[in-house]
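What follows is one structure encoded as structure tokens, with my remarks underneath.
The values are calculated or read from the model by the stated rules, or taken from the named source; none is laboratory data. What you see is a predicted model, and the numbers here were worked out from it, not measured in a lab. Using ideal geometry, Cβ is built from the backbone for each residue, glycine included, and neighbour counts are taken over all protein chains shown. Protein only, heavy atoms only, side chains kept; ligands, DNA and RNA dropped before computing areas. Shrake-Rupley method; radii C 1.70, N 1.55, O 1.52, S 1.80 Å.
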Amino acid sequence: MPLLPSEREYGTLGANSTCFAYGVATWCFLTGGYVAELVGAVEALICLVAGNMIGVFLASLPLSFVCQRNGLEQVDVCKPAFGSKGIIVVLFLYLVNMLGWSGLILVMFGNGIRNIALALGYDVGDWVVSLGVILGIVLSYLIVTRGVGMLNRFNGLITPGLVLLVAFLLYMLFAEHGWEAITQAAPLSPGPSPAVNYLIAVELGIASGFSWWGGIGFLARNTRTRRNSIYPEVLQLGFSSGAVCAAGSFSALIVGSSDPTEWMVPLGGVLMGVIALVFVALANVTSTAVSVYASGLALRHLRVFRSAGWKWVVCATLIPCLPFAVWPGELSNLGDAFLAYNGTMYAPISGILLVDYFFLRRQKISLWSIFEDDKTGRYHHVRGINWLAFAALLAGQALYVFLYNPFSGATHEWLETLNPSLGSFVFSGALYGVGMLVIGRGRRPEPVPEVESGPLIQPNI
Amino acid sequence: MATVQNGAHATKTEAERVRVEELTKRIEMISALDEDELGGWTRMDWVLITVLGIVGPLVVLYGFAP
């Protein structure tokens with residue numbers, strides 16, 4: 001259901017604090033750890049803050065205004081470009097993103113339990129990590145099935161705690177080691193070319209920003225003004241989150257490990273380290289619960305889950321996380337590739353949505369057609385799918401992998417002139433825009449009249 | 001048994017009808033919203049958000065490139 005202005009919760013303070021609470025999460029530490037493998041502290045700070053701001057801005061621009069104007073979630077907003085049925089593919093990509101993050105954080109939870117045991121003198125095996133993943137899944141299930149109220153209560157405790165934890169990490173880093181030691185610490189496993197390392201770190205920063213795509217619609221549709229739909233996202237999800245990621249990079253560089261659960265004891269000593277680890281473990285469960293909750297809501301877009309009980313929907317979102325219990329090490333080693341994969345998905349999608357909303361539809365969509373499944377709807381395209389948008393999406397992804405393959409780590413020499421996310425954003429958007437004009441014989445899609453009326457023939461709620 | 005099933009079907013249909021009615025009402029209300037009710041957005045905002053979101057960060061990234 002689209003949200004009415006009277007139902008929207010966030011003014012300026014609310015939008016900023018909610019974005020901040022989302023932005024400061026344990027996955028920031030993971031991102032910081034990945035970037036520390038490539039570059040030193042100053043470059044990590046620059047790449048993470050500036051890159052994150054660019055990624056969030058480019059993901060927000062095509063979504064924030066339309067979500068805020070119409071009270072819609074981002075998946076619904078994709079219908080004009082991708083088609084009323086084509087959004088199922090976008091939804092699938094979105095779920096891969098959310099569940100991938102959940103899995104990585106669950107492994108971090110398992111690693112945290114193992115490292116707590118190690119700090120207390122118990123040398124336990126790797127099976128504890130798998131057990132931790134399963135425990136995390138069960139705890140997430142218990143939180144999410146108790147509704148958004150329980151989730152908000154946990155978040156209300158965890159977010160201030162995470163701020164304190166980041167302050168604690170920074171205090172220990174600066175008091176015990178100092179800025180000079182931080183800046184002189186060598187990257188953990190850099191490639192042979194400093195320029196390529198920097199460019200990949202920039203890409204990870206931008207991809208980290210793009211990975212907020214899934215939360216932007218939810219935040220924007222809950223805001224009362226256009227300014228609140230975009231400034232807090234760029235400032236908090238972009239700047240603040242990037243700064244927390246950078247604190248993670250500093251810790252990783254000083255400790256010499258990209259695993260956040262290995263930072264706390266060396267930096268804070270056994271007592272403070274174990275307390276911090278216990279807190280990080282709790283924060284990981286909350287982060288997973290938020291991700292699972294959002295995934296469950298997204299699944300509601302599918303007919304099969306529309307009338308299913310909430311517990312079944314939550315189960316359906318948690319089952320794909322089980323492989324992380326079987327292969328925790330192998331899958332978490334792909335974390336940096338997964339981070340870049342966010343750019344592969346969302347950069348071209350964002351380019352297509354930007355061209356569609358601002359240039360082809362001139363910032364006006366038909367709310368009636370968003371909720372119309374019948375073929376008479378404006379966004380039905382061909383059998384519910386706009387194949388051109390998918391062709392542009394695939395072309396953008398191909399360009400991305402051509403420049404930088406996140407799974408093999410292979411790069412092309414053009415990487416030095418063209419950033420993969422920015423390149424695929426522009427390429428997919430341009431290809432889609434030109435293609436739509438060619439299909440329309442030089443004309444934009446038919447404009448939405450000022451006054452439009454129903455009824456809905458085949459409502460898709 | 002058939003009566004129970006018919007009753008359940010009728011309840012579901014009624015619930016769907018109410019949902020569609022509510023959706024239709026919301027679409028009408030949101031479509032009729034005046035742009036001013038959604039908060040202002042000026043050219044200055046475009047300049048500011050573009051500098052904040054992409055121009056500034058790109059300049060910083062370029063400046064620190066090895």
- Report, to the nearest 10°, how far helix A:148-172 tilts away from the longest principal axis of the Cα atoms in chain A, using its own Cα long axis and a range of 0 to 90°. 50
- Quick one: Karplus J couplings for the stretch A:421-431, per residue in order, coefficients 6.51, -1.76, 1.60, θ = phi - 60°, nearest Hz, x for Gly and Pro? 5, 5, x, 6, 4, 6, 4, 5, x, 5, 4
- Note on the structure: Going residue by residue through the stretch A:178-192, the Karplus relation 6.51 cos²θ - 1.76 cosθ + 1.60 with θ = phi - 60° gives ³J(HN,Hα) values, rounded to whole Hz and with x marking Gly or Pro, of x, 4, 5, 5, 5, 6, 8, 5, 7, x, 6, 8, x, x, x
- Query: For the peptides B:40-50, A:109-119, what is the packing order when you average, over each peptide's residues, the other Cβ atoms within 10 Å and list the highest mean first?
  - Reply: A:109-119, B:40-50
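For the stretch A:1-71, what is the Kirkwood estimate of the hydrodynamic radius, computed as the reciprocal of the mean inverse distance between distinct Cα atoms, to one decimal in Å? Before the final figure, lay out each step's value.
Working: mean 1/r = 0.0688 Å⁻¹.
One decimal place: 14.5 Å for the Kirkwood radius.
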- Query: So what is the diffusion coefficient of chain A in µm² per second by Stokes-Einstein at 37 °C and 0.692 mPa s, using a Kirkwood Rh over Cα pairs?
  - Reply: 146
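Around A:V90, under 13 Å between beta carbons, what's the net of Lys plus Arg minus Asp minus Glu among the other residues? Walk me through the numbers on the way to the answer.
Working: positive: A:K79, A:K85; negative: A:E73, A:D76, A:D356.
Overall, the nearby charge balance is -1.
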- Query: Karplus couplings for the stretch A:289-302 from phi (6.51 cos²θ - 1.76 cosθ + 1.60, θ = phi - 60°), rounded to Hz, Gly and Pro as x?
  - Reply: 4, 4, 5, 5, 4, 5, 5, x, 4, 5, 4, 4, 5, 8
- Message: If I compute solvent accessible area with a 1.4 Å probe over the protein chains, what percent of it on the protein assembly as shown is carbon and sulfur?
- Response: 66
- Message: If I fit a long axis through the Cα atoms of helix A:27-36 and take the longest principal axis of the Cα atoms of chain A, what angle between them do I get, 0 to 90°, rounded to 10?
- Response: 70
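Using packing as a proxy for protection, rank A:309-319, A:180-190, A:291-301 so that the peptide with the highest average count of other Cβ atoms within 10 Å comes first. If you can, show how the numbers build up before the last one.
On the way: A:309-319: 16.9, A:180-190: 15.3, A:291-301: 21.6.
Ranking, from highest mean packing down: A:291-301, A:309-319, A:180-190.
Ranking request for peptides A:355-368, B:23-36: highest mean number of other beta-carbon atoms within 10 Å first, then the rest in descending order.
A:355-368, B:23-36
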- Task: For peptide A:45-56, compute the average count of partner chain beta-carbon atoms within 10 Å of each residue's beta-carbon.
- Result: 4
- Item | In the B-A interface, the accessible area buried, summed over both sides, Å² (probe 1.4 Å) | 3600
- Please work out the average accessible area per residue across the protein assembly as shown, using the 1.4 Å probe convention, and give it in Å². 42
- Query: Using alpha-carbon positions, what is the distance between the centroids of the stretch A:93-152 and the stretch A:3-25, in Å?
  - Reply: 27
- 10 Å Cβ neighbours from other chains, averaged over peptide B:55-63: 6
- For the stretch A:194-268 and the stretch A:33-57, compute the distance between their C-alpha centroids and round to whole Å. 8
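Averaged across the residues of A:363-370, what count of C-beta atoms belonging to other chains lies within 10 Å of each residue's C-beta? Could the numbers behind the result be given before it?
Details: counts 1, 0, 0, 2, 7, 5, 0, 1.
Mean partner-chain Cβ count within 10 Å for A:363-370: 2.
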- Item | Rounded Å value of the spacing that divides the Cα centres of the stretch B:19-49 and the stretch A:298-325 | 32
- Please list, or write none, the lysines whose alpha carbon is within less than 23 Å of the alpha carbon of A:K311, excluding same-chain residues fewer than 8 places away. B:K12
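Would you mind classifying the stretch A:182-267 by shape? Square roots of the alpha carbon gyration tensor eigenvalues, ordered a ≥ b ≥ c; an a/c under 1.5 is rounded, otherwise it is prolate if a/b is larger than b/c and oblate if not.
Judged from the Cα gyration tensor, the stretch A:182-267 comes out prolate (a/c at least 1.5, a/b above b/c).
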